[in-house]
Structures are given as C-alpha cells and as structure tokens.
Amino acid sequence: MSDALAAIKLLVFASSESVGQEIAEACRGADEITPQCFITTDLTRAVDVSRDREPQGGLIELTGDVQSDRQAIHELRAVAPEMVLVGVHAAEGEPNSVSSAEIVELVRQGVTDFLRRPIPGRDLRQLFERLRPGAKTQRRGVGSCVAFVSNKGGVGKSTLAVNTAVSLAARYPDEVLLIDASLQMGVCAAMLNLEPKTTLLDAFEQRQRLDETLIRQLALPHESGLLLLAAPTDPVAASDIDDQSMTRLLNLSRRTFRYVVVDTFPLFDQIVMTVLDIVSRAFVVLDNVVPTVLSAVQLLKLLDDLQYPEQRTSVVINRFQRITGNPGVEDVARSLRMPIDHVIPYSRRAIAAANAGQPFALDFVRFSRLHRAMRDLVETVDDPALLPVVETNAK
C-alpha cells in the first residue's frame, strides 16, 4: 500500500468539545480513508499533539479574539513548522466570526487556508489532497515504518521482524532501524546475537533531549547493517515507558532512517495501539493452527471496531505446514474474512537460525521456498511508493 492511501493525521483544536467533534465528523465523512483526528480544547495539549503525533494538518477554530488566536498559531507553529494550519471560523455576522483584518493577520502568522463552518466536504477533500504524504507540498523526508503484530505468542512474529530488517539492511546499510517494542519479553537482541548495553529504556530516560543523533547513539549496530533499539532488560522498569514517549521515538526514527521495523508485544495494549497509529503497514502474523486462527479473528475484529484502515493491514501465515487437521490457506482466509497476503513455509532452518542468533536472511539460498517467500514480503515493504520523500533545499 502506498503512503497516498494512508490515513491523514489531523489536529482539531476547538473552543469546545462539541465544536471539535463537529469538525472531526466533517473530516471523517469527507474521505474514503478515515482521517485520524486528535481533538482537544486545551492549547498545551494541542502543542503536545503537534510535537509528538506530527499531524499533517491542524484545523484551528478561530475565536474572533485576535490576541488569543495569534498566540495559539504562534505556539503550534513553533513546535510543528511543517504542519499545515487551517483556520475554521463561523459565518460572517454570527458569534465569534472573523474579520477580514484578522484573516490577513493570521496569514502573516502562518495560517495557509480558511474554512467556514459547516465545512463543505468538497473543501475538505481538496485540503486532504494537499496533506497526503507524497504530495508536492511535503517538504521533509520521512522514512517508512512497518510493524509485526499478533495477539498470540509463539507464531514467529519476532523472527519475521528480524529477518525483514536484515533483508532491508542488505539493500540499505545503516538506513534500517529495528525497534523491539515487546517491552516485557523482547527477543530481537538474542536473535541477532547482540548483548545490549543500551535499550529503549535509555531512550525513554533521555526523552527530553532525544533527537536523531541520540537515537543512532543508543541503537546497537549489527553485522548485517541494521541498527537495533533493544527491548529493556528489566521488565519492571519497562512498564514506565508510555505511549507518548513511544510516539516521539517512532516519529524521530522515521526522520532518521529510511526504514523502521517494529516488533511488538503479543498483547493489544496502549503501546501497540500507538505503534499502529504511526506505521504505514501492520503485518498481522499467525500460523495455521485453529487456536491461533481464532485469536487472529478476534484481533482483526478489534482493529475493525477501532476503525483501523484495512488498507494498512497485511495478513501473514508463518510456519505454514500442510498437516492433516490444520486449516489450509483458503480455510484461514475464510475464517478471517480477509485475503492472505503472504505465506511463509515452515522451515527447520529458520528455527535453527533463531536459536543460533544468526538470522536466516544472512544466508540467502536461491531456490529455498523460505527465502523466496521472505523476499516477496520484503518487496512489499520496499515498495517504491513507500520510499521517503527526498528533501531538497530551496535555492
């Protein structure tokens, strides 16, 4: 899936919850891909969302108070200079309407467009076309971020995450970051035969000064060319890591690396939800045994209930075996009511490689079914449509 199909992230800053919901509902009904709307009536919270969530656009309700509106625009522009700011105002003659003089003043402050309530869907669709990743208005290069998720352990999710990152690093050395966000039971370091001296916990503790340089310093280099931000070695301390810190880490990582691959904990918690908010593709991993398939059905239903875009979800059957009693690919697809995007065959080679701390992707075997299937998965991630926008300097 290209970034052009990814949900747009929007800040909605309004004077009241009801107005915020009105604006958000108009946005959600205007596009085939439901935008992610972060609604707030508090300026401090709006600043935090702009910095940590990195929305492409901000819809700001204008109050008619020039000083108040100017202050809000100034603070949002300071933390998110790339965000497109749009003023939303009442019709002329209504309470809190905005004068032409204020509109001129706010344009000088950085507001690029103005929409009148109730906002027509046509105007929102035109705005969304400008905000979509890859549009000509995008000025900053951002890498692609993918995650491997499951609500059941033991399906080889971490194996796929590690080998995907290794395969990408063979193509783009030093441009791939693997993040082990399985905070309580991360195994990526062991699968890479690395002993982490720094982990995600260090990134959390340094969150106030975290930047692109510090992320590279905290990440562990691997012989394949990837860098790893390992899971904390202390599961108790790991519980301090919150979703806001994870959001900031992921967004900084996307600005630092060409590809970011995230392994997750096999439990649908707040950290996993945060990861899913940010990634351009989530690989749901299962194997073809009935209990795991039933768990995957529940996970996909939960994602649907949360209105997570199906276009950003891929289903992977890992360790596939044709054994009497095990459901086949078509059986699994019928149960999930979704197509199966990738089938990775069972291989003793993969298990032995994981136990030895040597990813099987390091030892490519041309005619291996395992390696062919893995190559197809990596090609999905390394889609030219998902490549980051190249930053150019204006002359």
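Structure summary
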{"quantity": "Within a Gaussian network of the chain (alpha carbon springs, distance under 10 Å), most fluctuating of Ala354, Ala237, Ala161", "calculated": "Ala237"}
{"quantity": "Inter-part distance where the range 202-245 and the range 282-311 are each reduced to a Cα centre, Å", "calculated": "28 Å"}
{"quantity": "Principal-axis tilt of helix 100-109 within the chain, Cα atoms, nearest 10 degrees", "calculated": "40 degrees"}
{"quantity": "Top of Val187, Val19, Val272 by mean-square fluctuation, Gaussian network on the chain, Cα under 10 Å", "calculated": "Val19"}
{"quantity": "Between 0 and 90°, nearest 10: helix 369-381 axis offset from the chain longest Cα axis", "calculated": "10 degrees"}
{"quantity": "Ascending count of other beta-carbon atoms within 10 Å, so fewest first, for Ile271, Ile323", "calculated": "Ile323, Ile271"}
{"quantity": "Cβ-based exposure ranking for Arg366, Arg108, in which fewest neighbours within 10 Å come first", "calculated": "Arg366, Arg108"}
{"quantity": "For the chain, built as a Gaussian network whose Cα springs stay under 10 Å, the top-fluctuating residue of Phe148, Phe320, Phe364", "calculated": "Phe364"}
{"quantity": "Theoretical ellipticity at 222 nm over the chain - DSSP helices of four or more residues, -39500 (n - 2.57) apiece, nearest 500", "calculated": "-12000 deg cm²/dmol"}
{"quantity": "Where N is the number of residues in the chain, Cα Rg divided by 2.2 N^0.38 Å", "calculated": "1.06"}
{"quantity": "Equivalent ellipsoid dimensions for the range 3-131 as semi-axes, Å, which come from the Cα gyration tensor, largest first", "calculated": "21, 17, 13"}
{"quantity": "Hz values of 3J(HN,Hα) by residue in the range 55-68 - Karplus curve (6.51, -1.76, 1.60), Gly and Pro given as x", "calculated": "x, 6, x, x, 9, 10, 6, 8, 8, x, 8, 4, 5, 5"}
{"quantity": "Rule-of-thumb Rg ratio for the range 307-389 [Cα; 2.2 N^0.38 Å; N residues]", "calculated": "1.27"}
{"quantity": "Neighbourhood charge, 9 Å Cβ-Cβ cut-off, centred on Ala189 and excluding it, Lys, Arg +1 and Asp, Glu -1", "calculated": "-2"}
{"quantity": "Cα lying deepest toward the dipole's positive end in the chain, options Ser167, Gly153, Leu220, charges on Cβ", "calculated": "Ser167"}
{"quantity": "Kirkwood-Stokes translational diffusion coefficient of the range 142-195, alpha-carbon pairs, 4 °C, 1.567 mPa s, µm²/s", "calculated": "107 µm²/s"}
{"quantity": "Exposure proxy order (Cβ contacts within 10 Å, fewest to most) of Thr380, Thr164", "calculated": "Thr380, Thr164"}
{"quantity": "Using alpha-carbon coordinates, inclination of helix 17-28 to the longest axis of the chain, degrees", "calculated": "60 degrees"}
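Coordinate-derived values only; no laboratory data. Values in this document were obtained by computation on a predicted structure and should not be read as measured data. Cβ: placed from backbone, ideal geometry, glycine included. Neighbour counts: every protein chain shown.
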